[in-house]
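Written below as structure tokens is the structure these notes are about.
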Amino acid sequence: MLTFHTYSLGALETNGYAVVNAERTHAVVIDPGTADGALMRKLDGLKVEAILLTHAHFDHIGGVDALRKRYECPVYIHSLEKDWLTDAAKNGSLRWAQVTPPITTDAPEHLLADGQSLTFLGENFRVLHTPGHSPGSVSFLVGDLLFAGDALFRRSVGRTDLPGGNHEQLSRSIREKLYALPDSVIVLPGHGPDTTIGEEKRDNPYVRA
């Protein structure tokens, strides 16, 4: 059985996740906003199989360079944002100079597509393309866990006023992809507390089921 550990990373308190197998020998990292000491202490001694990115805004990728070098692990991101890791203008770090220095790292090793199934930690990670917050935003479904990035939050949704954002597209992504999942699925968002699909279908004021 997989376990996950949540870390509030960086000035924007991005949720980064370390997902660990039952034997506590292997891990996957999702959205390392910074190379936080607590996150690295969790990963040290484990085989890090991959860094998975829900999207490439700077607050979700700030720790990628340090982690991929330390753990020699590949990076996965949707094809629509394949060049955002190498471009500080596209990932927003140039725009938010008061929050972060420019962030760049090498290009990703692997590109993601909607409906793709990946195997890590002996489990299936299903890729759901959920654009709207950004063009290449994805969510990762692992059993009854949904790592939703900045698509769906508890009683809220991701902002759509950044370059490449689109509110109607985000609403469609949530209704057609996320609200189609079982109500019991636990939503692990890019910011803020956990929720469930059922709770958001019932109570989210921004996107009604």
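The values are calculated or read from the model by the stated rules, or taken from the named source; none is laboratory data. All figures in this text were calculated on a predicted structure; none of them were measured in a lab. So basically every Cβ, Gly included, is an ideal-geometry build from the backbone, and we count neighbours across all protein chains shown. In case anyone asks, the SASA skips ligands and DNA or RNA and just uses the protein heavy atoms, side chains included. Shrake-Rupley method; radii C 1.70, N 1.55, O 1.52, S 1.80 Å.
Comparing 16, 158, 149 in a Gaussian network model of the chain where C-alpha atoms under 10 Å apart are linked, the largest mean-square fluctuation is found at 158.
For segment 1-115, with all protein chains present and a 1.4 Å probe, just round the carbon and sulfur fraction of the accessible area to a whole percent. The partial results should precede the final answer.
Details: 2640 of 5150 Å².
Carbon with sulfur: 51 percent of the solvent-accessible area.
Within the set of other residues whose C-beta is less than 11 Å from the C-beta of residue 59, count the net charge using Lys and Arg as +1 and Asp and Glu as -1.
-3
What net charge do the residues around residue 24 carry, taking every other residue with its C-beta under 13 Å from that of residue 24, with Lys and Arg at +1 and Asp and Glu at -1?
On the way: positive: 42, 47; negative: 23, 44.
Charge balance in the 13 Å sphere: 0.
What does the charge count near residue 68 come to, summing +1 for each Lys or Arg and -1 for each Asp or Glu among other residues with Cβ under 10 Å from its Cβ? Around residue 68, the charge tally is -2.
Could you work out the helix-only [θ] at 222 nm for the chain, with each DSSP H run of four or more residues adding -39,500 (n - 2.57) and the total divided by the number of residues, to the nearest 500 deg cm²/dmol?
Details: 5 runs with 33 residues, N = 209.
My calculation for the chain gives -4000 deg cm²/dmol from helical runs alone.
For the chain, the tally of Lys pairs with Cα-Cα distances below 24 Å comes to 7, considering only residues 8 or more apart or on different chains.
Using r as the Cβ-Cβ distance of residue 199 and residue 13, and R0 as 22 Å, what FRET efficiency do you calculate, to the nearest 0.05?
That gives a FRET efficiency of 0.55.
In segment 64-209, Rg over Rh equals 0.97, where Rg is the alpha-carbon radius of gyration and Rh the Kirkwood radius from pairwise Cα distances.
Evaluated at q = 0.13, 0.14, 0.18 Å⁻¹, a Debye calculation over the C-alpha positions of segment 1-152 (equal weights, vacuum) places log10 I(q)/I(0) at -0.51, -0.60, -1.03.
Qualifying trypsin sites (Lys or Arg not before Pro) in segment 6-76, where qualification requires a DSSP coil assignment and no more than 15 other C-beta atoms within 10 Å, comprise 24. At the listed q of 0.18 Å⁻¹, the Debye profile of segment 20-101, built from one uniform point per Cα, gives log10 I(q)/I(0) equal to -0.73.
Here the gap between residue 89 and residue 155, fully extended at 0.36 nm per residue and compared with their Cα-Cα distance, gives a gain of 20.7 nm.
Once the Cα-Cα distance is subtracted from the 0.36 nm per residue extended length, the residue 184 to residue 70 segment shows a gain of 37.4 nm.
Quick one: check the C-alpha center-to-center distance for segment 147-190 versus segment 1-66, whole angstrom. Here the answer is 21 Å between Cα centres.
Going by average Cβ density within 10 Å per residue, which order do the peptides 76-86, 111-121 take, highest to lowest?
On the way: 76-86: 20.9, 111-121: 14.9.
My ranking of the peptides, most packed first, is 76-86, 111-121.
Over segment 96-143, the hull volume per residue, using the convex hull of the C-alpha atoms, is 134 Å³.
What number, in percent, do you get for the relative contact order of the chain if the mean sequence gap of Cα pairs under 8 Å and at least 6 apart is divided by its residue count?
Numbers: 492 pairs, mean separation 30.0, N = 209.
Reported relative contact order: 14 percent.
Relative to the present Cα-Cα distance, how much length would full extension add between residue 44 and residue 24 at 0.36 nm per residue of separation? Walk me through the numbers on the way to the answer.
On the way: separation 20, 0.36 × 20 = 7.20 nm, distance 1.11 nm.
Length difference between fully extended and current span is 6.1 nm.
Between residue 124 and residue 166, the distance separating the two model label sites (each 7 Å from Cα on the Cα→Cβ line) works out to 2.9 nm.
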